[in-house]
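A.B. asks: Quick one: this structure, given as structure tokens, is what I'll be asking you about.
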Amino acid sequence: MKPVVFIGAGPGAADLITLRGAQRLASAEVVLFDALTDPALRELAPQARWIDVGKRGFCNSTGQLAINALLVRHARSGRAVVRLKGGDPSVFGRLEEELQALAAAGVGAEVVPGVTAAIAAAAATQRPLTRRGTGRSVSLTTAMTQSGDLQATRTADTEVFYMAGRQLAALGRRLQQAAWPADTPVLVVSRAGWPDQLQSDHRVGSLAEAALLHAGRPTVVTVGVGAAPLEQAPKRESATAPGLARREPRMQP
Ligand code: SAH
């Protein structure tokens, strides 16, 4: 039995997959893929049988069990199986369940990383998630609990919330309860990495205003230091050595 290869497809455009991911796809015979991955990725594996196992939001356990069973069945058939996931497989990708199912069936696995939505949003908006001196930690957080409640936390200088797009107003309230000041910058990016990506700037206290713009689209919400636009850097003095004249941007969290 060949090991199942988990591949992170990245957040959108097919060319954001890694070279290794593209190479593994090219030799796949069966690809189990999620709804959020770009259809253009199919061109990287036209020879394979593509099976849509995508789901939005929390899937019920039967759905996940069915995916686990499919993975095992196709791996046991001796074919080269790829499990293609949006973003990075290790970030809110139910990877642990699928790895466990394969291990229990005696099937090996390999994981090829991908660009997760938080990173894609930071790149596309040119808002670095870390900032020297002020933004020393980043947290990738889901606002959704398994019971469907919304939770917000303040555990890092920059906190990126996944799976909160449908409840931005509630997230704003929860963020304030979690001790984020009302004037903290918030960057909302939906369909990051796609040609129709949207981004908007808000404050924790007025996050509800973002709901309409991003409705129905996969959305990440960046809160804190990494959400702030960059300050305009002052022009460099020509006589000064590079680096010395650069002023560190000061972000107010
Ligand atoms: N493994 C994925 C995350 C899957 S959970 C990753 O690493 O990106 C699904 C959540 O990811 C969505 O609810 C949304 O919050 C976020 N997401 C996925 N793709 C996105 C995109 N292109 N733009 C913004 N958010 C996205």
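A.B. asks: Taking 7 Å along the Cα-to-C-beta vector as the label spot, tell me the Ser137-Asp149 distance in nanometres, rounded to one decimal.
C.D. replies: Spacing of the two 7 Å Cα→Cβ label points: 2.3 nm.
A.B. asks: Next up: Sort all Cα-Cα distances of segment 1-101 into consecutive 10 angstrom bins from zero, then give the percent of pairs in each bin up to the one containing the longest distance.
C.D. replies: The distribution over segment 1-101 is 16, 54, 29, 1, given as percents.
A.B. asks: Of Leu212, Gly10, Phe161, whose Cα points farthest to the positive end of the dipole of the chain (charges on the beta-carbon: +1 Lys, Arg; -1 Asp, Glu; origin at the Cα centre)?
C.D. replies: The Cα lying farthest towards the positive end belongs to Gly10.
A.B. asks: Between Gln176 and Ser77, how many nm apart are label points set 7 Å from Cα along the C-beta direction?
C.D. replies: Output for this residue pair reads 5.5 nm.
A.B. asks: Stretched out fully, how many nm does the piece from Thr18 to Ala123 gain, at 0.36 nm a residue minus the Cα gap? Mind dumping the intermediate values first?
C.D. replies: On the way: separation 105, 0.36 × 105 = 37.80 nm, distance 1.58 nm.
Taking 0.36 nm per residue and subtracting the Cα distance, the gain is 36.2 nm.
A.B. asks: Apply the Karplus parameterisation 6.51 cos²θ - 1.76 cosθ + 1.60, with θ equal to phi minus 60°, to every residue of segment 112-123 and state each ³J(HN,Hα) to the nearest whole Hz, in sequence, with x for glycine and proline.
C.D. replies: Here the 3J(HN,Hα) series is 9, x, x, 7, 7, 4, 4, 6, 4, 5, 4, 5 Hz.
A.B. asks: Taking 0.36 nm per residue of sequence separation and subtracting the Cα-Cα distance, how much length would be gained by fully extending the chain between Asp201 and Glu43, in nm to one decimal?
C.D. replies: Stretched out fully, the Asp201 to Glu43 stretch lengthens by 53.3 nm.
A.B. asks: Suppose a student asked you for the relative contact order of segment 51-169, using Cα pairs under 8 Å spaced at least 6 residues apart; what percent would you report?
C.D. replies: Across segment 51-169, relative contact order equals 18 percent.
A.B. asks: Sorted from largest down, give the three principal axis spans of the alpha carbons of segment 152-194, whole angstrom values.
C.D. replies: Cα spread of segment 152-194 along its principal axes, largest to smallest: 33, 21, 17 Å.
A.B. asks: Could you tell me the extents of segment 179-218's C-alpha atoms along the three principal axes, largest first, rounded to whole Å?
C.D. replies: 33, 17, 13 Å, listed from the longest principal axis down.
A.B. asks: Using C-alpha positions alone, give me the convex hull volume of segment 99-225 per residue in cubic angstrom. Write down the numbers at each step before the final one.
C.D. replies: Working: hull volume 17.6 nm³, N = 127.
Here the figure is 139 Å³ per residue.
A.B. asks: How long are the three semi-axes of the equivalent ellipsoid for the chain, computed from the Cα gyration tensor as the root of 5 times each eigenvalue, in whole Å, largest first?
C.D. replies: In descending order the semi-axes read 37, 23, 15 Å.
A.B. asks: Run the Debye formula on the Cα coordinates of segment 29-164, all scatterers equal and no solvent, and tell me log10 I(q)/I(0) at q = 0.11, 0.12, 0.13, 0.16 1/Å.
C.D. replies: -0.50, -0.58, -0.67, -0.94
Every read-out reported here was derived from the displayed coordinates using simple, explicitly stated rules and does not represent laboratory data. These figures come from a predicted structure and were not determined experimentally. Cβ: placed from backbone, ideal geometry, glycine included. Neighbour counts: every protein chain shown.
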